Structures are given as C-alpha cells and as structure tokens.
1. Given the structure, is Thr160 assigned by TED's automatic domain parsing to the domain that holds Cys243, among the hydroxyl-bearing types (Ser, Thr, Tyr), crowded, with 21+ Cβ neighbours inside 10 Å and in contact with a strand residue (DSSP E or B) (Cβ under 9 Å, 6 or more places away or on another chain)?
2. May I ask you to say which residue of Thr464, Thr455 is surrounded by fewer than 19 Cβ atoms within 10 Å (Cβ to Cβ), modelled with pLDDT of 95 or more and among the β-branched types (Val, Ile, Thr)?
3. Find all pairs meeting these conditions: Cβ atoms under 6 angstrom apart; at least six residues apart or on different chains; first residue within segment 140-158 and over 27 Å from Ala170 (Cβ atoms); second residue surrounded by 13 or more Cβ atoms within 10 Å (Cβ to Cβ) and basic (Lys, Arg).
4. Please pick out the residue among Thr43, Thr128 that is among the hydroxyl-bearing types (Ser, Thr, Tyr) and surrounded by fewer than 24 Cβ atoms within 10 Å (Cβ to Cβ).
5. Right, Asn410: of a type in the set (S, T, N, Q) and outside the structural domain of Gly152 (by TED's automatic domain parsing) or not?
6. Could you identify the single residue in Glu113, Glu11, Glu33 that is within 26 Å of Cys200 (Cβ to Cβ), surrounded by 20 or more Cβ atoms within 10 Å (Cβ to Cβ) and not assigned by TED's automatic domain parsing to the domain that holds Gly492?
7. Taking the condition in contact with a Gly (Cβ under 8 Å, 6 or more places away or on another chain), surrounded by 22 or more Cβ atoms within 10 Å (Cβ to Cβ), in contact (Cβ under 8 Å) with a residue 40 or more places away in the chain and in a strand (DSSP E or B), does Met247 pass?
8. Test Val443 against the criterion of being among the aliphatic types (A, V, I, L, M) and at pLDDT 95 or above, and give yes or no.
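The values are calculated or read from the model by the stated rules, or taken from the named source; none is laboratory data. What you see is a predicted model, and the numbers here were worked out from it, not measured in a lab. A quick note on method: Cβ atoms are made from the backbone with ideal geometry, for glycine too, and the neighbour counts reach across all protein chains shown.
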Amino acid sequence: MTLSVAAVLAESAARRPDHPAIVFGTERVTYSELWFRARQYATVFREQGINPGDRVALLLPNGLEFPAAYFGVLALGAVVVPVNALLRAAEIEHVLSDSGAQLLVCAAPLLDEGGKAAEATGVPVLTTGADGVDALAARAEPVSGCAPSEPGDIAVILYTSGTTGRPKGAMLTQLNITMNIQVGMDSPFDFRPDDVLLGCLPLFHTFGQICGMGTCFRAGATMVLMERFDAARALDLMVTHGCTVLMGVPTMYLALLDAAAADGRRPPLDRAFSGGSALPVTVLKEFQETFGCQIYEGYGLTETSPVVAYNQRAWPCRPGTVGRPVWGVDVEIARADLEGRIELLPTGEVGEIVIRGHNVMAGYLNRPEATAEVMVDGWFRSGDLGVKDSEGYLSIVDRKKDLVLRGGYNVYPREVEDVLVHHPAIAQVAVIGVPHALHGEEVCAVVLTRPGLTTGPALGAEITAWSRERLAAYKYPRRVEFVDAFPLGPSGKVLKRELVTLFSAASAASAGR
C-alpha cells in the first residue's frame, strides 16, 4: 500500500488545476502551478543527492517557497524537517544535527543564523531567491509525480518547543498527517472548495502547516497567506479577499478585536478556529459579537499530528471546553501521579489526558527513553491535566508541569486565569508559581492591562483584593506583576517558563536586599 502526504497537493492539482491555491501579496498561484513548482523543487533536491527517507530541513518564513519546498521534499519520499524561523544559530544547529539533515533550504534573510548552523554541522545549504533554489528550479524538468511511500514511513519531523530540556523531534508518519488532514477537513474544519482561509499562522508550526495549509489544499480551497501576522493587515486581507475561514491563537483574536475597533469593515467569515492555548470565554464572546462568526476552540499537540479534540458543528459548541475527540481518536483521563502504567479515572475527575488513535506519532527521534515515558500501555501521555464530562466534552485544566504547589495545595493556573480575565483592567493574564520561603511556591499573576491604564502597586493590590473575593484562600494571587508584552512561542503560546525565570530572579533579588 502506498500513501503520501504529497498527494494532498497533487490530487487537488489534478481536480482543480486552475483554482487559486495561494494568494500571497500580488501573486495568485493556481494548484497546477504550485504542484509544478513543487515537482521542480523535487528535481533540484534529487540533484543535490536527496533520496527517499533522507531528511531535508526547511528554514523558511511564510511565502510561496514554503509549500513548494515542503511538497517537493515529500514528492521524493524524503522527510521534511521544518525549522522555527525565529531560532538562533545554536538552536538551529541542534535541529540539524539531531535530525541528521542532509540539506538545509534556507531563506536568504535567515542566512545569518542558518548559515552558521549549517557550517557548524557540515550540512549543505540551498538558499531561496534568484540566486538559489528558485533559479535552479526554473531550469529543472519536474519529477513525474509522488514517489511511493508506505503509511508507516516518516513524512515530517516536527520539533517540540522544548518546554523541558532541548527540543525533541516528533516523528509523524504519512498516515498520521494524511489522516489528520482528511479528518480535520470533514470535521471540525468543514473545509469546502469555495472556502478562503486567512493563512496568518506560521507554516513551520503544526497548526498552520497541517490544520491550515494541509487541510485547505486537501479541499482545493484558497489560502491567503501572510508573511507575518499583523491585525490591521489581517482584517484588510480578509475583507479584500472574502475570507470565510480563520485559524488563530488567542493573542491574534485579541489583536483583531483592537483592529476592528479602528476599522468598521467586516469580512464574510463563516467560522473561526482557536488553538495553541486557552481562549478566554470573554474574548470568544466578544469576537463572535464583533465579527458575527462562531469560534470553535480545540486541542492538539505536535506529537498528535496535531488535532485531538475540537468543538464541532455536529454537536453543540461548549465555550470553555475544547470539544469532543475527532473521528478515530480516543481520549481518556488517567491518574497523573502513576509512572509506567495507565490507570483510567471515572468521568468528572481531573487527571492526565491520554490519547490513542491514528494521530499519535511514531515516537521521538533518537530518544527511546523519552518515547517510552510518554507511550504507555498503548496510550500517549500528553502531560496536560484535564477532565471529561458525561457527554464526552474535554476541558483542559493545565499543564502538569505548570501546576503551582502552594502550601501543599494544588493550584491550577488555568482556573485562576479564567477568573482573572473578568477583571475590568485585565486584557490578558498568565498565572505562574514563584519560589516562596514559607509556602514553597506563591501564586503570581502576570498581567497585560487594557490600554490607557496606569500600572503599579495600587492596581496590583486592587486585583489581589478583587480575586480574593472570588477564589479560595490558597488560589488567589498574592503577587501581581505587569508586563507590556508576553514572551510568545511560535504558536502564540505564552512562554510561562520565561516568566517564571524573570520573576523568580526578581524575588531572589528583592530577598537579597
């Protein structure tokens, strides 16, 4: 049996050759043109010595080169290793060496970092642009089609964000990705050929790459691609091109609300999808009122290709939950404190989310011990704490590692955040644990205020007093810190570990005075 993710593009090119696949700036590229370009790229890669099973790293921002290179690699039966375009040289070096990449395709503006990493690891570099792979591709005879691949062959190696230790390469198979695209296209995303997606998520990340680009291309729909997200520009593009679908992370929805306050135009959005981190229910409701469009919130991980569960049109939408598992995927709640075996918990109890199905990765590259830790008794251990209700809806409580242990009590930051976002001064909040001599850890709320407010001790004390009336004594934040912006990962997720480092250091400094 043969199965290739490259067929996602190839089949839409055969079915809808003249339909626009991508709109990027002033360029409109049809499906036949994009597949032709991808096959030319494949020829260039083959001439560079790339064979089936070889790893090709892509250090590319959003642009026409990304899908051409991505599907070009897959057409050869080789393995794509997308690299976060925000990484520095030492971090890129780790990905290149760990993945065993035999080629790096690098955007010219990213050569400063990518070139150093490639030189350090001895990996050949092909740059994009008129002097690089595009010039070679323009003269190349395209490969005839997709090389045969088995369903269990590795298609993509995606590196985790490295919240604990160095990033690990999640090995996703042809079956993993093809099934996630096909299932996602049907539900939750309900993609149709006449849909127009705003592609504002980074393509090197699983959300933008598989849920966005992959699902859109499988449907033969159109993706209006942004090089980087800017809310005012995003609103303008959605209006100009008649976008019907939006996929984003919570920070994008917050920014779009601000943009909408300054621009009265509204796009014909039919539905929007949120992931990456928790979307406050207040933001969800305000967006729906402003744009007249339902937001469906869901849940996924790099290791699960990525979609696990989503609110879907087939069932009532439950704000505050991440919906029900997608087709073919089982999700249960297990005891979080047990190592080496899975013990499932009854409905309504909080525990670790465990997953099994067609979406679960083949394992972590070069890390059998790490793989064995998360693949237990046929289940993938997510590291996330959650709860399922009697109708199968899943709610995320928190990351197991984000849990704050204050005076022997478990405090789930997500629960505290869900209360704090209702405070009139708070636009966004991240709750963390910082070291405390008496309690072990103290609950700290890191706050981004609404525009025009004066921050300082008085507002911090007011937020503490307000939350004390609404939360148990061990849960409310005794400490409130203010920031102008949150450190964000590539998916738009707040990097809490950086906040912990920053404010733990501040605690130590004040204690030393």
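1. no
2. Only one candidate passes the filter, namely Thr464.
3. Sorted first by the residue in segment 140-158, then by its partner, the pairs are Pro142/Arg39; Val143/Arg39.
4. None of the others qualify; the one that does is Thr43.
5. Yes: the conditions hold for Asn410.
6. So the residue among Glu113, Glu11, Glu33 that is within 26 Å of Cys200 (Cβ to Cβ), surrounded by 20 or more Cβ atoms within 10 Å (Cβ to Cβ) and not assigned by TED's automatic domain parsing to the domain that holds Gly492 is Glu113.
7. So Met247 passes the test.
8. Taking the combined requirement at face value, the residue satisfies it.
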